[in-house]
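**Student:** Here it is, the structure, as C-alpha cells.
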Amino acid sequence: MSKTPAAVWLAIAAIAVLASWVSGAERGPITTKALLAEMTDLAGMAELPSPHFTCKQFSSYDRAAKSPRENWFANGDCGQYLRVEARPGRKEHVMMDAEGPGAIVRIWSANPAGVLRIYLDGSETPALEATMSDLLGGKFPGLPRPIAGEYSKGWNLYFPIPYAKHCKVTSDQGNFYYHVNYRTYARGTLVESFRVEQIAALAREIQAAIARMEAPEKAKPGPEAQTQPFDVTVAPGQSAVLAVLSGPRAITRFGVRWRPSGDRDEPALRSTLLEMTCDGQQTIQAPLGDFFGTAPGLNPYQSLPLGVTRDGALESRWVMPWKNSAELRLRNLGQAPVAVRGTLVTEPYRWTDATMLFFAKWRAAFDFPTDPKVDWNYLTAKGQGVFAGVAFSIDNPVKDWWGEGDEKIYVDGETFPSHFGTGTEDYYGYAWCHPLLFTHAYHNQTRCDGPGNYGRTSVNRWHILDRIPFQRDVRFDMEIWHWKKCKVNLAVTSYWYARPGSTDAFRAPAPGDVVVRPVPELPILKVRGAIEGEKMRILQKTGRPEPQDWDGTSEGRHLWWHDGQKPGDVLVLGFPVAKAGKYKMTAQFLKAVDYGIAQVAINGVNAGQPIDFYNNGVIVTGPVDLGSFDLKQGENTISFTIVGANPKAVKAYMVGLDYLRLTPVP
C-alpha cells in the first residue's frame, strides 16, 4: 500500500487538473516526463489532445486476414512480423516501424521472447535494449510493477517512450505474440526522444505515477470541490433524480454505497439504470453495476477510473464536465424497490472549445450463437473525441474458451482497422484464457466463475495514455470466436469523450434487456472409484505438474505435466490404498501433438512398455490397462519417466493423467 503523503496527493491532483487546461504551445516539447504525468491524468481525458495525435497498434495478427471477404477470422496470430533483418551475429524480427514524431504507449506479449531492442531516430544503436521478459515483467531496473508486470499470464509495459523522428522495435527471437500501441503526433510537433538514463533521472516522477496507479482512491479533491450527498429509494418502473447541477463544472468523484454486506446482488445492479444528461444531451445510460466495470454483481477491484470495495462501495473517478447544466438520475427497470445512497463531488471546470462530454453506454445480446463467427460491435460513434475503454461480461455455458476473437478498431473512415489484435484476453491485458483474477490501474479480470472459463466472466480495459482520438468517427468490433459451438450472453459498456452534438448507435435498454439470465448448469463427469490425478501428492518432479480443466475427463480436470521437461525427467505421484492386496490397475490419460513417450511404473515396477502419448489433436484415451500389482496399505506411487517422443510430435514431452482406478484381484 502506498505511503505517499497527503500533500503529495494534493499536488498530483492539482497538476493533473491544470495540465488539461494548458495549450500545446505552452506545454513545450513532448517529453518522457510529460507523458509520465499523462499516465494518471483523468482530467486531461476530457480535453481534445493538444498537440493532436493518432493512436494505432502494431501486432502479430494473422496476415491472412485481408478483408471481411478473405480469411477475416484467421487465427494464426503468433510469430507474425513486418520483416526479418540480418545483423552481425543475429536476426531481428521487426515488430514496429513508424515515422515520428510519436511515442510508444504500451507493449504487451503472451510469451515474451529474446532481447527486445528499441531503435530511435534512425540510430543503429538501440535506445533501450533488454530481455523482453524482464522489461515487460517489471524486472528492468527502475520500471517495476505496475508500470510493467505479468498479470494472469499477460505481460504489459506501460512506460512511455517518445521519439522525434522514427521508431523501430525488434526482437532477436521470433515465435511470440505481441502488441505495440503508439501515438503519432501532428507533423512539426516537438518531441524529445527517450534516453535510457532518463529512467533513473525520472525516478521521482515514476514513483508518483506508481502511487497514483496503486491507490487512486487516495487522491484528494481540489480546494473548491463541493460534496453533495444523495439517498433515494426508487420504486419499480420509476426514476429518481440524484442531482441537478449548474455549470461550468465537472463531476470528479461519484460514489454509491450499494450493500454494506458486500452482497453481489446481481439482478438489482443490472436492472437499475444510471442516466446522465449534460447540456440537454444523453451522455450516460448503463446498468449501475456495468457502469462501474464490475457486472454482473459486485466484484471487488481497484483501477484508475473505477473501483469496487469488498464492503459494497462503488466509486467513479472519471472526470465528467458540462458547460451549463447536468442531471444525474437512476431508473428502476426491475421488479423490486431499490435503495441507493452516496455522494457526488463536483469541481469548477474551465469549459473551452476543446472540452468534451463524458459518455458511457451499454448494450447486450442474449442466446448469441458462436457459430458462424461474427464481429460484435462494442461502439459506433460519430463526432470528434477520444475512445477511453470498455467493460465486458459474458455468460459462457461451457468450460471452453470463448475469447479467441481479435479487437478491430476503425478510426475516421478506415476500411482496415488500425488496431487489429490477437485475442480477446490479449486486448484486456492477460493471456492464454487464464481464469486467475487480477486488478490493475488499466485492466482487470474481476470475475471468472469456472471451472475453466465456464460461467460468468467480467473484464475491463481503460485507454488512458493509449486513448484513441477520432476526428469524425470511431468503430470498435470484437470477434466472437469460441472454441465450442454454443450460445452465450454478452454485455458491454463503452466509455468515450466527445464534443457536444456527437452521436452514437446505442439504444435505450428495455426491461427485458436488464434481466440476469441463469447460466446452464455444467454437467461434470465423475468416474466411480477414480483416484484423481490432479489430487495426488507430488513426491518428485521436474517441469510443472498442475491441474488443467478439460472436457471428457473425470471431474472435468486432469494433472498436466509440462513446462520444459526432457528425456530422462521423472514425475512421481503418491496415491492412497485403503487395504493391502493385489489390484488390477487402469488409468485414463490425455494425448496431444506435443505430448511425449513415457515409461509408467507402479512402486518402481514398470507397467508394460512405454506409452506414446502423441496424437494430432487433444483426446482423452479412455481406460488403459496398466496390469496387476501388489499394493501396500497407505501411500503407493505411480511414476512417469520421459523416454522420448513420437517423430511426428512437437518435442515438449508433456504428459496428462486423468485418473487411476483400482480393482481387487480375487
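The values are calculated or read from the model by the stated rules, or taken from the named source; none is laboratory data. Bear in mind that the values here come from a model prediction, so they are computed numbers and not experimental data. Glycine also receives a Cβ, built like all others from the backbone with ideal geometry; neighbour counts cover every protein chain displayed.
**Student:** Evaluate segment 81-90: report whether one residue or more is within 26 Å of the chain's Cα centre (by Cα), assigned to a loop (DSSP other than H, G, I, E, B) and free of Cβ contacts under 8 Å to residues at least 60 places away in the same chain.
**Tutor:** yes
**Student:** Sort through Asp625, Asp569 and tell me the only one that's over 28 Å from Pro451 (Cα atoms) and within 40 Å of the chain's Cα centre (by Cα).
**Tutor:** Step by step, each of Asp625, Asp569 is checked, and only Asp569 is over 28 Å from Pro451 (Cα atoms) and within 40 Å of the chain's Cα centre (by Cα).
**Student:** Within segment 388-408, can one find any residue that is in a strand (DSSP E or B), modelled with pLDDT of 95 or more and polar (S, T, N, Q)?
**Tutor:** yes
**Student:** Only strands (runs of 3 or more DSSP E) wholly contained in segment 423-491 count here; list those with 3 or more residues that are under 12 Å from the mean Cα position of the chain (by Cα).
**Tutor:** Because the criterion is at least 3 residues that are under 12 Å from the mean Cα position of the chain (by Cα), the strands (runs of 3 or more DSSP E) in segment 423-491 that meet it are 443-448, 455-462.
**Student:** With touching a Phe, Trp or Tyr at 6+ places or on another chain (Cβ under 6 Å) and buried (at least 24 other Cβ atoms within 10 Å of the Cβ) as the only criterion, which of Met276, Met320 stands out?
**Tutor:** The conditions single out Met320.
**Student:** From the list Thr294, Thr309, which residue is at pLDDT below 95, surrounded by fewer than 20 Cβ atoms within 10 Å (Cβ to Cβ) and of a type outside the set (D, E, K, R)?
**Tutor:** None of the others qualify; the one that does is Thr309.
**Student:** Need at least 3 residues that are charged (D, E, K, R) and on the phi < 0 side of the Ramachandran plot per element, so show me which strands (runs of 3 or more DSSP E) inside segment 286-367 make the cut, counting only ones lying wholly within it.
**Tutor:** Because the criterion is at least 3 residues that are charged (D, E, K, R) and on the phi < 0 side of the Ramachandran plot, the strands (runs of 3 or more DSSP E) in segment 286-367 that meet it are 325-332.
**Student:** If you take the residues of segment 584-620 that are surrounded by fewer than 20 Cβ atoms within 10 Å (Cβ to Cβ) and of a type in the set (Ser, Thr, Tyr), which of them is farthest from Gln633 (Cα to Cα)?
**Tutor:** That would be Tyr614.
**Student:** Hey, which of the strands (runs of 3 or more DSSP E) in segment 563-666, taking only ones fully inside, have at least 1 residues that are over 23 Å from Leu525 (Cα atoms), touching a Pro at 6+ places or on another chain (Cβ under 7 Å) and in the same structural domain as Leu539 (by TED's automatic domain parsing)?
**Tutor:** 570-577, 581-591, 597-602, 634-644
Every residue, every condition in (1) in contact (Cβ under 8 Å) with a residue 24 or more places away in the chain; (2) within 21 Å of Arg467 (Cβ to Cβ); (3) surrounded by 18 or more Cβ atoms within 10 Å (Cβ to Cβ), yes or no:
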site: Phe53; (1), (2), (3): yes, yes, yes
site: Lys66; (1), (2), (3): no, no, no
site: Met95; (1), (2), (3): yes, no, yes
site: Trp108; (1), (2), (3): yes, yes, yes
site: Ala113; (1), (2), (3): yes, no, yes
site: Arg117; (1), (2), (3): yes, no, yes
site: Gly122; (1), (2), (3): yes, no, no
site: Gly142; (1), (2), (3): yes, no, no
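**Student:** Next question. If the requirement is being in contact with a strand residue (DSSP E or B) (Cβ under 6 Å, 6 or more places away or on another chain) and among the aliphatic types (A, V, I, L, M), which of these qualifies: Leu190, Leu116?
**Tutor:** Step by step, each of Leu190, Leu116 is checked, and only Leu116 is in contact with a strand residue (DSSP E or B) (Cβ under 6 Å, 6 or more places away or on another chain) and among the aliphatic types (A, V, I, L, M).
Conditions tested, residue by residue: (1) outside the structural domain of Phe254 (by TED's automatic domain parsing); (2) touching a strand residue (DSSP E or B) at 6+ places or on another chain (Cβ under 7 Å).
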{"position": "Pro321", "(1), (2)": "no, yes"}
{"position": "Ser325", "(1), (2)": "no, yes"}
{"position": "Ala336", "(1), (2)": "no, no"}
{"position": "Thr343", "(1), (2)": "no, yes"}
{"position": "Leu379", "(1), (2)": "yes, yes"}
{"position": "Val386", "(1), (2)": "yes, yes"}
{"position": "Ala391", "(1), (2)": "yes, yes"}
{"position": "Thr415", "(1), (2)": "yes, no"}
{"position": "Gly421", "(1), (2)": "yes, yes"}
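**Student:** Please pick out the residue among Thr370, Thr424 that is buried (at least 20 other Cβ atoms within 10 Å of the Cβ), in contact with a His (Cβ under 8 Å, 6 or more places away or on another chain) and among the polar types (S, T, N, Q).
**Tutor:** Result: Thr370 is the single residue among Thr370, Thr424 that is buried (at least 20 other Cβ atoms within 10 Å of the Cβ), in contact with a His (Cβ under 8 Å, 6 or more places away or on another chain) and among the polar types (S, T, N, Q).
**Student:** Moving on. Go through segment 609-644 and give me each residue that's out of contact with any strand residue (DSSP E or B) (no Cβ under 6 Å at 6 or more places or on another chain), modelled with pLDDT under 95 and of a type outside the set (Gly, Ala, Ser).
**Tutor:** Hit for segment 609-644 is Asn616, nothing else.
**Student:** Please enumerate the residues belonging to segment 375-431 that are farther than 24 Å from His52 by Cβ and among the β-branched types (Val, Ile, Thr).
**Tutor:** Scanning segment 375-431 gives Ile394, Val398, Thr422, Thr424.
**Student:** Can we say Arg544 is basic (Lys, Arg), surrounded by fewer than 20 Cβ atoms within 10 Å (Cβ to Cβ) and at pLDDT below 95?
**Tutor:** In short, yes.
**Student:** Could you list, in sequence order, the residues of segment 151-167 that are assigned to a strand (DSSP E or B) and either buried (at least 20 other Cβ atoms within 10 Å of the Cβ) or not assigned by TED's automatic domain parsing to the domain that holds Pro88 (or both)?
**Tutor:** Of everything in segment 151-167, those that are assigned to a strand (DSSP E or B) and either buried (at least 20 other Cβ atoms within 10 Å of the Cβ) or not assigned by TED's automatic domain parsing to the domain that holds Pro88 (or both) turn out to be Tyr151, Gly154, Trp155, Asn156, Leu157, Ile161, Pro162, Tyr163, Cys167.
**Student:** I would also like to ask the following. If I go through segment 492-510 residue by residue, how many of them are part of a strand (DSSP E or B) and of a type outside the set (Asp, Glu)?
**Tutor:** The number of residues fulfilling the criteria is 8.
**Student:** Does Asp513 satisfy being among the acidic types (Asp, Glu) and either at pLDDT below 95 or not in a helix (DSSP H, G or I) (or both)?
**Tutor:** The answer is no for Asp513.
**Student:** Something else now. One residue is enough: does segment 396-405 have a residue meeting the conditions under 30 Å from Ala98 (Cα atoms) and of a type outside the set (Gly, Ala, Ser)?
**Tutor:** yes
**Student:** Quick one: how many residues across segment 196-230 are part of a loop (DSSP other than H, G, I, E, B) and more than 27 Å from Gly247 (Cβ to Cβ)?
**Tutor:** 4
**Student:** Looking only at segment 645-666, filter to residues that are in contact with a strand residue (DSSP E or B) (Cβ under 7 Å, 6 or more places away or on another chain) and loosely packed, with under 15 Cβ neighbours inside 10 Å; which one of those is nearest to Ala587 (Cα to Cα)?
**Tutor:** Once the filter is applied, the top-ranked residue is Thr663.
**Student:** Pull up segment 513-537, narrow it to residues that are touching a strand residue (DSSP E or B) at 6+ places or on another chain (Cβ under 6 Å) and exposed (fewer than 15 other Cβ atoms within 10 Å of the Cβ), then point me to the one that is farthest from Asp549 (Cα to Cα).
**Tutor:** Only one residue tops the list, namely Arg517.
**Student:** Another question, if that's okay. Please find, within segment 212-230, the residue that is modelled with the lowest pLDDT out of those that are of a type in the set (A, V, I, L, M, F, W, C) and surrounded by 20 or more Cβ atoms within 10 Å (Cβ to Cβ).
**Tutor:** Ala219
**Student:** Regarding segment 190-204, can at least one residue be identified that is crowded, with 17+ Cβ neighbours inside 10 Å, in the same structural domain as Ser60 (by TED's automatic domain parsing), within 26 Å of the chain's Cα centre (by Cα) and of a type outside the set (Val, Ile, Thr)?
**Tutor:** Checked against the condition, which is being crowded, with 17+ Cβ neighbours inside 10 Å, in the same structural domain as Ser60 (by TED's automatic domain parsing), within 26 Å of the chain's Cα centre (by Cα) and of a type outside the set (Val, Ile, Thr), segment 190-204 yields no hits at all.
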